[in-house]
Structures are given as structure tokens and as C-alpha cells.
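Student: Quick one: structure below, then a few questions.
The values are calculated or read from the model by the stated rules, or taken from the named source; none is laboratory data. Predicted model only: the values in this text are computed from it and were never measured. When we count neighbours, we look across all protein chains shown, and the Cβ atoms used for this are built from the backbone with ideal geometry, even at glycine. Accessible surface is based on the protein model in full, side chains and every heavy atom, while ligands, DNA and RNA are left aside. Shrake-Rupley method; radii C 1.70, N 1.55, O 1.52, S 1.80 Å.
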Amino acid sequence: MAVRVGNVTLPSPVLTASGTAGHSDELAAYVDLSSIGAVVVKSMASFEWKGNPAPRLHAVDGGMINAVGLQGNGVEKWIRDELPQLRARGARVVASIWGFRESDYESAVRSLATVADQLTAVEVNLSCPNLDHARTMFAHDAAQSARVVAAVRAALAGSVSTSESAVTNQSVPTHSPANALPIWAKLSPNTDRLIDIAGVVASAGADALVLVNTVLGMQIDTETRRPVLGNGGGGLSGSAIHAVAVRSVFDVRAAHPQIPIIGVGGVARAEHAVELMLAGANAVQVGTATFADPRATAKIQHGLQRWMRRHGVASWGEIIGAAH
Ligand SMILES: Cc1cc2nc3c(=O)[nH]c(=O)nc-3n(C[C@H](O)[C@H](O)[C@H](O)COP(=O)(O)O)c2cc1C
């Protein structure tokens, strides 16, 4: 079942999707978190953020719509209060970060650098409004996206940890494992420039791409005549966007065959995951399906094992990109 995403080997191609599995071990009662590929936690900023007004989630035909607004206590508190529980479950942990400006991403990743040896990768969520750039989303602009990824790369490369020198008994700076921490850039499908943006963020230092975040959407209540979400619009996810994810992965793989991809969008059963891998994904993430069934990641993983046996597939290398 093992797959490689760049330099990272995962025991399974099934990961959780950011924002759908909590910040820590919330799913542990339902899924053996050490058995899945990795747990990607909800995106975190360097600061505490309250998120959007309720209601924040709503079911729609074929999925759900959400405008949670990236609520969280910030990276420092996560490192102190939530990472240890998740690690105690034996999970491989991917920390997702967000920000309003480049410097927010830098601050968040500098904190993560202090626990780099406990992380599998850092996922950079670029679907955030850029306050220094007329509130456009980073992920919709190649140059802005590349700048964030380059800043995260530089912050990791420049990070040092201190250790006690055996000779002098004094703290000395040493190169930290942060330098080697893989960066996964998570992109938005709400743009016609996905292929360019994918190439540019990889050149800026992303080791892999996560495709895709939610699709912009809205639902209006015909009784109240108002949008159902407190924020008005939101992000559409689930089965409704699966074909968008497959197309995004397929097109990016065709244009940039050397860049590892993690596919995400509407994976609710094993065949959906296989479809994304055939399109070119090295691994997949499961999001909205977990809201319908908290055991979804484990069930999809078992389904993939059965699918492999049924089709005489010995390794995922036979499947990844095979639709091209
Ligand atoms: C309630 C909810 C919260 C989400 N929060 C985040 C987040 O914090 N960071 C992020 O990168 N993506 C977030 N996403 C997007 C998912 O990670 C995923 O990209 C998207 O939902 C598509 O996958 P799915 O159809 O399997 O849900 C969120 C999605 C949902 C439904």
C-alpha cells in the first residue's frame, strides 16, 4: 500500500484533508490514526483567529458548503496542547498553515521548525485573502503564491535549533531537521491559471502540490431568502467537486509530470481514490466524506486494499498517472 510523495514514503495513500479531521486526535475513536497515510490538521495561523459567524456549515446536494473561516488557537498553542496527543497515537502529522500576508506564513513556519522532527510535512494553504494585495487570494496569483512558498522555504532553511555542546556545556546553534521538512503547496481550483501556478510554486520550493481546495459556492434559503451561511458565500466540497479535482490533477500531471501531487476532492469510496491516482495523484486526502462517516478514511483504505487484490495490482506505481 506504500506510496512516495517526493522524498516522503507513506504506508498508505489515504490521508485526511485539512479542516475535516480536527487539530489533533479527534478521529482516534473511529480510525487507527497510525494506520492511515498521515493526518493533515486544520490550517493554523501564527495567531489566534475566531473564524466566521455561524452558521458555518450546510449540506448541499452532492456535498456540503462551509465558511468556517480558519478558526484556530494558533501554531504555538497547537504545538503545546494538541500535537503531543496526535503524536501519541502514532500518527504521521502534516501541519497546515495559513496567513493574511507572507510574514504570517513565515512566523507560523518558524514555530513549526522547532518541532520539525515530529512532522512529516508542512502544507501551505494558499486559499487565503492576501491583505497586502487588495484581498485577492494568494492561490489565484502565481507570483503571490510563489512568494509565500519561497518565504516558507527560506524560513525553514534559515532555522537553527540549539543544543548543548558536550565540550563547553553551552548552547550552540545546530542545523535543524526543519531544513529537510517537505513543503506541500495546496492550490485552489477557482482559477484558469492552475497549471502556471503549479509550475511556479514548485520552482519556488514546493516539494508537492495538494489539489484541490474547495470550489467557491453559495446556497440561498428560499424561505428566509438569505444565504444559508453566516458569511454569505462559502466553499463547496464533496462529491459535487470530485470531477473538478480529477480534471485538476490530470491537467497538472500532464503539464508537470515531475511534480508529486496529492489529490483531494469528493473521495468517498476506494474507486474515487483510484480515479485520482490514475489521473496522476501519488496519494489522496479524504475530507467531506468524514463528516458523513467518521470512519471514512479507514474504510476507503480497506477498500483500496481489496481493489488492489481484485485487480492484481502489486503496487500503486502501476496505477499512478496510468490514465495518461
Ligand atoms: C468544514 C471544512 C473545513 C475546511 N478547512 C480547511 C482548512 O482549514 N484548510 C485547508 O487547506 N482546507 C480546508 N478545507 C478543504 C478540504 O481540505 C478539501 O480540500 C476540500 O474539502 C475538498 O475535499 P473533500 O471534497 O474530500 O472535502 C475544509 C473543508 C471543509 C469541508
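Student: Please find the FRET efficiency linking Val313 to Ala157, where r is the Cβ-Cβ separation and R0 is fixed at 41 Å, and quote it to the nearest 0.05.
Tutor: With a Förster radius of 41 Å, E is 0.60.
Student: Answer rounded, prolate or oblate for the stretch 243-324, using the Cα gyration tensor with square roots of eigenvalues a ≥ b ≥ c: rounded when a/c is under 1.5, else prolate when a/b is larger than b/c, else oblate.
Tutor: oblate
Student: Sticking with this one: Given 4 °C and 1.567 mPa s, how large is the Stokes-Einstein diffusion coefficient of the stretch 60-123 in µm²/s, with Rh as the Kirkwood radius over Cα pairs?
Tutor: Approximately 97 µm²/s, per Stokes-Einstein.
Student: Please compute the length gained on full extension between Phe47 and Ala243, using 0.36 nm multiplied by the number of residues separating them and subtracting their Cα-Cα distance.
Tutor: On the way: separation 196, 0.36 × 196 = 70.56 nm, distance 3.50 nm.
Stretched fully, the Phe47-Ala243 segment lengthens by 67.1 nm.
Student: Sticking with this structure for a sec: Can you order the peptides 59-72, 215-228 by their average number of other Cβ atoms within 10 Å per residue, highest first?
Tutor: Numbers: 59-72: 19.3, 215-228: 12.9.
Answer by packing, highest mean first, reads 59-72, 215-228.
Student: Measure off, as a whole percent, the carbon and sulfur share of the 1.4 Å-probe accessible area of the chain, all protein chains present. Present the calculation step by step, with values, prior to reporting the outcome.
Tutor: Working: 7020 of 13870 Å².
Roughly 51 percent of what the probe reaches on the chain is carbon or sulfur.
Student: List the residues, sorted by chain then number, that are 5 or more residues from Val210 or on another chain and whose placed amide H is less than 5 Å from its amide H.
Tutor: Ala185, Lys186, Leu187, Ile262
Student: Right, next: Mind giving me the nanometre distance, one decimal, between the label points for Thr191 and Arg80, set 7 Å out from Cα along Cα→Cβ?
Tutor: So the two model labels end up 3.5 nm from each other.
Student: Using just the alpha carbons, could you tell me how many Å³ per residue the convex hull of the stretch 179-277 encloses?
Tutor: On the way: hull volume 12.8 nm³, N = 99.
About 129 Å³ per residue, rounded to a whole number.
Student: How big, on average over all directions, is the shadow cast by the Cα convex hull of the chain, in nm²? Spell out each step's value before the answer.
Tutor: Numbers: hull surface 69.6 nm².
So the mean shadow area of the Cα hull is 17.4 nm².
Student: Rounded to the nearest 5, what % of the DSSP beta bridges within the chain are antiparallel ones?
Tutor: 50 percent
Student: Residues with amide H under 5 Å of Val5's amide H, sequence separation 5 or more or different chain, H placed in the peptide plane at 1.01 Å from N; which?
Tutor: Those lying under 5 Å, H to H, from Val5 are Leu10.
Student: What ³J(HN,Hα) values, in whole Hz, does the Karplus curve 6.51 cos²θ - 1.76 cosθ + 1.60 give for the stretch 146-157 when θ = phi - 60°, with x put for Gly and Pro?
Tutor: With coefficients 6.51, -1.76 and 1.60, one gets 5, 5, 5, 5, 5, 5, 5, 4, 5, 5, 5, 5 Hz.
Student: Would you calculate, for the chain, the mean residue ellipticity at 222 nm contributed by helices, counting each DSSP H stretch of 4 or more residues as -39,500 (n - 2.57) and dividing by all residues, to the nearest 500?
Tutor: Numbers: 9 runs with 95 residues, N = 324.
Calculated mean residue ellipticity at 222 nm is -9000 deg cm²/dmol.
Student: Separate question: Evaluate the relative contact order of the chain (contact order divided by residue number), counting alpha-carbon pairs under 8 angstrom at least 6 apart; express in whole percent.
Tutor: Computed over the chain, the figure is 19 percent.
Student: Right, next: Using a 1.4 Å probe, what is the accessible area per residue for the chain, in Å²?
Tutor: Dividing the accessible area of the chain by its residue count gives 43 Å².
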